[in-house]
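Everything below concerns the one structure shown next.
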Amino acid sequence: MANSSRPPGTKRLWVISSIVAYVVFAGIPIWWATTSLHRPPLPHEAIAAAEADAGNRSALLPVALQLVLVVPAGSELPDELQPDRMLAAVQAAVAAAQPLQGPLQLSITINTAGSCSQVLPRHPGVCSSSSSSSGVCTQQVQQQACPDLSAAPVAGGSRQQQQQLDAWLQQQQQLQSLGTPGQYTLFVLPDTSSSSTVVVGRSRHAWLTYQPSGALQQPQQLLQATAAAAVRVLSCCFGLHSNVAALAAADSLPVSAAGHTQLSFSLLHADPLAPGSSSSSNKDSIEAAAQHPLHYTWDFDVFEQQHLAPIAASLAPVSHISIESQLLYFTPARTPGSWSSKHSAFVVKQSQLPFFVDSDWAVESGRAVMQHNRTSSSSSSSSSSGTAGMLSSSANTAAAAVLESHVLHFLVYVPAADKSPLLLLGPKGKVRNSNSFWIPSWGGVLVLNLANEIAAASTDTGEFDHDEGDSEGGQSRLPWQPLPLQQQHYQHITAVVIAQLQALFGVAPGTSSSSSSTEVVQLQQLPAGAAGFSKWQMDALLRQRAGADVQEAARVLGSLSRLVQQLPNLEMPDLIGQQVEQALSDIHSAWQHIAAGDYHAAGAAAAAARAAAEAAFLHPSVLAQLNFPDSHKLGVYMPLFLPVSVPLLQGFVLQLRHYVKRRREYTAALRAGG
């Protein structure tokens with residue numbers, strides 16, 4: 001009763017309450033501030049709009065085709081070949097064939113002795129292959145002065161005549177400010193004899209010849225041939241990759257997400273110690289080669305500067321090209337081939353080609369040792385190495401691994417002397433013309449039979465009779481000194497590499513969606529020359545890359561936005577927010593350039609957008625926490641807070657119950673005493 005006569009003390013309750021209050025109002029906020037994850041705000045609405053825009057808009061760059069009908073001076077143009085009627089006929093033929101699904105602008109120009117009458121749509125960019133025959137494509141006629149194209153060189157059928165005409169037409173395009181990316185010209189030229197073959201030049205033009213005396217008397221046939229030629233050049237060349245399927249398959253191009261491609265060249269000697277081939281007719285050479293086996297080497301600096309640099313320069317708008325090389329010895333093939341008396345050589349069947357490359361060959365990128373890399377004598381290689389160094393210097397992150405260069409391997413395989421000559425067979429057992437084959441997205445292999453050349457060179461130079469005392473003159477060669485490849489070898493390797501690169505990039509000659517022996521006109525493509533790729537081929541690659549990159553950038557940003565919203569505990573640095581903003585800006589720029597038909601600017605903006613989007617999505621701070629569940633926090637913080645919080649809460653509850661009990665006793669005592 002003595003305790004009940006005094007009011008309950010609050011000292012203990014205030015002490016424990018202060019501790020609890022400090023933990024709740026100071027400890028927890030401090031802990032929350034020190035353990036909270038930093039996340040820059042992402043423009044989720046802008047990302048969703050960009051992704052929806054990519055799904056609804058056409059990412060195809062426009063194509064413009066101008067048909068130029070050259071009429072000799074003094075000839076009367078039939079009504080069927082008037083420009084407005086020609087445009088209507090060609091539009092109808094293109095609409096029926098549908099060679100491409102992107103925007104297409106057609107125009108007709110009649111060139112007569114330096115005077116041109118041009119018919120083109122009133123609203124450029126409105127007409128497409130699906131709407132070209134509608135009333136939207138209202139025509140307008142323009143009269144203007146232009147060069148006289150009737151003085152063109154004779155087309156002829158020889159390669160030299162075609163190359164001369166090709167160069168002349170390219171010059172005429174430049175004089176008229178034509179031939180920019182996406183703008184193509186089909187010349188219909190008068191000649192002494194008509195031809196049913198349309199020839200596609202190295203630039204952005206093609207030509208078809210006709211005989212004026214016969215064609216102008218039968219204009220319907222010329223009109224039909226011209227329309228058929230327009231469809232052929234659009235479907236096979238000028239409109240190549242302008243379809244949705246090509247955009248969906250753009251990732252098959254050997255280009256990384258950052259727009260880099262590395263060409264790795266390897267010269268492989270199967271067995272430098274092997275004796276001479278038994279098929280050789282020179283017995284002395286065989287015996288000499290058996291005593292002192294020889295091998296080849298290459299001057300790769302010269303090979304790169306003279307043969308590979310033009311190819312890398314032509315591919316620059318599509319991909320940044322870096323080059324490396326190496327020499328490998330004792331690299332026998334997994335399928336060495338079997339002797340064929342029919343071919344008088346060792347042969348490898350087509351079914352064995354997938355097993356030709358041995359996995360033990362050390363051809364992976366990074367092992368190649370290049371003199372020009374060590375001396376930095378090649379500006380392109382050194383700049384590429386610097387870019388690769390920046391990527392790989394960002395630690396061993398997955399982002400650097402994905403954004404690094406796509407490697408294409410080109411193997412020059414020299415078989416052993418006792419397995420030479422080695423021939424690769426194609427379909428139906430026929431020998432491949434270039435004795436090579438290519439592997440999609442990986443590269444190509446070229447077999448170079450040099451055994452007989454080695455033996456002949458050994459006998460001619462007399463190095464097998466070399467004596468130490470003969471070295472004073474400096475003319476003799478040591479037995480193991482390698483023989484350098486000659487210019488004809490470099491030219492052969494370059495021709496094969498160009499053909500394989502065109503196949504790997506999907507612009508190999510002869511690619512056509514409507515090739516048939518029943519076509520009104522046949523197609524012929526001039527080789528691109530030292531550059532490796534014609535200008536229209538580069539346009540096709542730019543169309544494919546630009547459209548695919550801008551759509552892929554929007555898709556990656558959408559995936560990143562959904563990932564961030566689904567994982568509230570995902571930490572991100574400010575760099576990711578900057579990369580997302582940059583990617584959105586580049587996507588907007590790419591759409592503007594695509595609408596304007598600016599190929600190079602659209603390709604550059606689309607590539608930059610995809611690189612920024614991929615770098616943001618594959619940032620190491622994101623990848624490291626993709627599997628960060630909420631139960632992880634429970635497992636981490638429970639052992640820390642549970643031992644402290646339980647006694648604290650228990651003491652607070654006990655003290656509160658004790659205070660309430662004393663308060664009730666004191667109140668009851670007061671009532672009883674009163």
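The values are calculated or read from the model by the stated rules, or taken from the named source; none is laboratory data. Please read these numbers as outputs of a predicted model, since none were measured by experiment. Heads up, the Cβs are rebuilt from the backbone with ideal geometry, glycines too, and the neighbour counts pull from every protein chain shown.
Looking at residue 614 and the list (1) touching a Leu at 6+ places or on another chain (Cβ under 8 Å); (2) acidic (Asp, Glu); (3) surrounded by fewer than 21 Cβ atoms within 10 Å (Cβ to Cβ); (4) part of a helix (DSSP H, G or I), which single condition is not satisfied?
Result: residue 614 passes all but (3).
Tell me, please, whether a residue that is modelled with pLDDT of 50 or more, assigned to a helix (DSSP H, G or I) and loosely packed, with under 14 Cβ neighbours inside 10 Å can be found in the stretch 488-500.
yes
Quick one: in the stretch 62-114, which of the residues that are surrounded by 23 or more Cβ atoms within 10 Å (Cβ to Cβ) and modelled with pLDDT under 85 is farthest from residue 190 (Cα to Cα)?
Step by step, filter the stretch 62-114, then rank; the result is 103.
Specify the residue that is surrounded by the fewest Cβ atoms within 10 Å (Cβ to Cβ); the eligible residues are those in the stretch 400-414 that are modelled with pLDDT under 90 and not charged (D, E, K, R).
Applying the filter and picking the extreme gives 401.
Take the residues in the stretch 10-57 that are of a type in the set (Ser, Thr, Tyr) and out of contact with any helix residue (DSSP H, G or I) (no Cβ under 8 Å at 6 or more places or on another chain), then tell me which one is farthest from residue 617 (Cα to Cα).
Once the filter is applied, the top-ranked residue is 18.
Looking only at the stretch 314-329, count how many residues are free of Cβ contacts under 8 Å to residues at least 12 places away in the same chain and within 30 Å of residue 273 (Cβ to Cβ).
0
Could you say whether any residue in the stretch 586-596 is under 21 Å from residue 618 (Cβ atoms) and either of a type in the set (D, E, K, R) or in the same structural domain as residue 315 (by TED's automatic domain parsing) (or both)?
Taking every residue of the stretch 586-596 in turn, at least one turns out to be under 21 Å from residue 618 (Cβ atoms) and either of a type in the set (D, E, K, R) or in the same structural domain as residue 315 (by TED's automatic domain parsing) (or both).
Identify the single condition in (1) more than 29 Å from the chain's Cα centre (by Cα); (2) outside any helix (DSSP H, G or I); (3) of a type in the set (A, V, I, L, M) that residue 13 does not satisfy, given that it satisfies every other one.
Going through the list (1) more than 29 Å from the chain's Cα centre (by Cα); (2) outside any helix (DSSP H, G or I); (3) of a type in the set (A, V, I, L, M), residue 13 breaks only (2).
Which residues, counting only those in the stretch 44-89, are over 23 Å from residue 547 (Cα atoms) and in a loop (DSSP other than H, G, I, E, B)?
72, 73, 74, 75, 76, 77, 78, 82
Does at least one position in the stretch 257-271 carry a residue that is touching a Gly at 6+ places or on another chain (Cβ under 7 Å) and either assigned to a loop (DSSP other than H, G, I, E, B) or at pLDDT 75 or above (or both)?
no
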